[in-house]
Amino acid sequence: MSQITVIGTGYVGLVTGSCLSDFGHRIICVDNDEDKVRRLQNGEVPIYEPGLEAIVERNTYYNRLNFTTDTAEAVRSSEVIFIAVGTPPADDGSADLQYVEAVARDIGRAMDGYRVIVDKSTVPIGTGRRVQGWVREELDKRGVSFEFDVVSNPEFLREGNAIQDFTHPDRVVVGSDSERARDVMRQVYRVLYLNETPFIETNIETAEMIKYAANAFLALKITFINETANLCEKVGANVQDVARAMGRDGRISPKFLHAGPGYGGSCFPKDTRALAEIGRAAGARLHLIEQTVESNERQKKLTAAKVRTVLSAAGRKSGDAKAGTDSAANSSGGAQGPDAAGDLAGMTIAVLGLAFKPNTDDMRESPAITIMTELAAAGAHFRAYDPEAMEEAAWRLEHIKEHVAFTADEYEAMDGADAVLILTEWNQFRNLDLERVKKLLKAPYFFDLRNIYNRPMLEELGFIYTGVGV
Ligand SMILES: NC(=O)c1ccc[n+]([C@@H]2O[C@H](COP(=O)([O-])OP(=O)(O)OC[C@H]3O[C@@H](n4cnc5c(N)ncnc54)[C@H](O)[C@@H]3O)[C@@H](O)[C@H]2O)c1
């Protein structure tokens, strides 16, 4: 197979390009971000993803993996072209296709023979047909006619586990109307094909739908357990045990049944909103998904309100017997309760974890942003630490920068703080030296928003523990 081009060298494009080069293909990764391409050409991997750097280094060394800003040249040199640019949400929640369109048109302007154009970005159902139209329009403008096929090949990788997910996928979905293109795709994924990875071949629309349906279902599952956790808190049940018992049921599975502060990241929030919008536009509303979107937003706010309630009560404790309860968590909907803004003034909260999940530096739609913003509005200050996400946090939290100090490690964050808030379950936070934590904290408030500690154990050590539904 001749060279393969991947346009868009972000999370998905870089993982796709480097893993395909590891499968033995010659890959050219294109990006219009000159600085990113320069860094990659100099051997610097701009994102944190375990295992990625070694793969990039190895394949660059063997000249199987190259980086460029020259889209036209890359299009001319490859029969297969992946589109892996971003599809961020537009104002109405629908997916913004401007980057996909720009690339499709670039391809139409440059191609000089048969091409398989593979859409790897997550795109609304019907986008494959639109890509065909955009490419054809550009060919018509040039007065030329070349054959091409559009394929939908959605990506299911999880950040933090991307290499394993790409090289050992549960399935590869290939949506196309063309046997010729399907055959090319079998060559692209030959290594997986030989390993008997299930290949699901469908039409383009079905492949596009599969991606949204899968993500929406996972988001819904998380939301279900979050709401269940909120109820558990009210009725004295333990959501961890509920989830464990539910998960033993093979029809349910234990995955994505971990209660927490709400899902974030670059995919679930935008894909659920986009799918809800697609349903509305198509006249087949997805009420469950609309509710999921709403409930997740509420969960982040409820979490902030819960922390605020406990800490403002703690702040008043000496003079005011009005002890904290969790009730505001279910009624105030955020930092607008009866307490004036500023009831956390003078308090410093240690925040452990900022990324939307462990093993990534990605903070897109991280619950940390909403929760810290809400608490900052109540006057709280933060000493924050994340093993990888602090560079990104510096600009994502720019709007509350007067409230945030970053520290060199988790213990420095807790030194002299009034409470600790675990927001991301990095492994290094799972095994804290609790005696040391106790000594470092000014007050023993321990908010375990990922349920990685055991309440009785923490309480025995003298912590005032708050988990999620436990
Ligand atoms: N991040 C994930 O975990 C994940 C998983 C599965 C699917 N997806 C989907 O994959 C797509 C890409 O996501 P991502 O997280 O990799 O995005 P990203 O923002 O990390 O990367 C997109 C890249 O495309 C580049 N780009 C934009 N326009 C370009 C153009 N005209 N020419 C060349 N390069 C251009 C940008 O500079 C950027 O580097 C999205 O549709 C996303 O929903 C993401």
| field | Any chance residue 70 is in contact with a strand residue (DSSP E or B) (Cβ under 8 Å, 6 or more places away or on another chain), over 24 Å from residue 125 (Cα atoms), more than 8 Å from the ligand (Cβ to nearest atom) and among the acidic types (Asp, Glu) | value | yes
| Pair list, Cβ under 6 Å, 6 or more apart: the range 248-268 residue among the hydrophobic types (A, V, I, L, M, F, W, C), other residue crowded, with 22+ Cβ neighbours inside 10 Å and part of a loop (DSSP other than H, G, I, E, B) | 259/468; 259/469
| Single residue of the range 106-115 satisfying the filter (open to solvent by less than 60 Å² (accessible area, probe 1.4 Å) and more than 9 Å from the ligand (Cβ to nearest atom)) that is nearest to the chain's Cα centre (by Cα) | 107
| query | Quick one: how many residues across the range 170-185 are assigned to a helix (DSSP H, G or I) and surrounded by 15 or more Cβ atoms within 10 Å (Cβ to Cβ)? | reply | 4
| query | Between a first residue in the range 142-160 that is among the hydroxyl-bearing types (Ser, Thr, Tyr) and a second residue that is open to solvent by less than 20 Å² (accessible area, probe 1.4 Å) and assigned to a strand (DSSP E or B), which pairs have beta carbons less than 6 Å apart while being 6 or more apart in sequence or on different chains? | reply | 152/119; 152/175
| note | Sole miss for residue 394 among (1) open to solvent by 40 Å² or more (accessible area, probe 1.4 Å); (2) among the hydrophobic types (A, V, I, L, M, F, W, C); (3) not in a helix (DSSP H, G or I) is condition (3)
| field | All positions within the range 160-169 that are in contact with a Lys or Arg (Cβ under 9 Å, 6 or more places away or on another chain) and open to solvent by less than 20 Å² (accessible area, probe 1.4 Å) | value | 160
| Given (1) more than 19 Å from the chain's Cα centre (by Cα); (2) closer than 22 Å to residue 138 by Cβ; (3) within 12 Å of the ligand (Cβ to nearest atom), number of the condition residue 95 does not satisfy | (1)
| query | In this structure, is residue 215 closer than 19 Å to residue 17 by Cβ and within 16 Å of the ligand (Cβ to nearest atom)? | reply | no
| said: Checking the condition surrounded by fewer than 18 Cβ atoms within 10 Å (Cβ to Cβ) and either part of a helix (DSSP H, G or I) or at pLDDT 95 or above (or both), which residue from 233, 205 passes? | reply: 205
| query | Among all residue pairs at least 6 apart or on different chains, which show Cβ distances below 8 Å where the first residue, located in the range 92-113, is touching a residue at least 12 places away in the same chain (Cβ under 8 Å) and the second is more than 12 Å from the ligand (Cβ to nearest atom) and small (Gly, Ala, Ser)? | reply | 93/276; 94/281
| said: Restricting to the range 366-387, and then to whatever is surrounded by fewer than 22 Cβ atoms within 10 Å (Cβ to Cβ) and in a loop (DSSP other than H, G, I, E, B), can you tell me which residue is farthest from the chain's Cα centre (by Cα)? | reply: 379
| note | Subset of the range 52-67, residues more than 14 Å from the ligand (Cβ to nearest atom) and crowded, with 17+ Cβ neighbours inside 10 Å, comes to 55, 56, 59, 60, 64, 65, 66
| task | Scan the range 404-416 residue by residue and report those that are out of contact with any His (no Cβ under 9 Å at 6 or more places or on another chain) and either open to solvent by less than 40 Å² (accessible area, probe 1.4 Å) or closer than 13 Å to residue 450 by Cα (or both). | result | 407, 410, 411, 413, 414, 416
| query | Which one of the conditions (1) loosely packed, with under 15 Cβ neighbours inside 10 Å; (2) more than 14 Å from the ligand (Cβ to nearest atom); (3) within 19 Å of residue 30 (Cα to Cα) does residue 77 fail to meet, given that it meets all the rest? | reply | (1)
| remark: Condition set closer than 20 Å to residue 27 by Cα and crowded, with 24+ Cβ neighbours inside 10 Å, scope the range 117-129, selection nearest to the ligand (Cβ to nearest atom): answer is 121
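The values are calculated or read from the model by the stated rules, or taken from the named source; none is laboratory data. Predicted model only: the values in this text are computed from it and were never measured. FYI the Cβ positions are ideal-geometry reconstructions off the backbone, even for glycines, and counts take in every protein chain you see. Accessible surface is based on the protein model in full, side chains and every heavy atom, while ligands, DNA and RNA are left aside. Shrake-Rupley method; radii C 1.70, N 1.55, O 1.52, S 1.80 Å.
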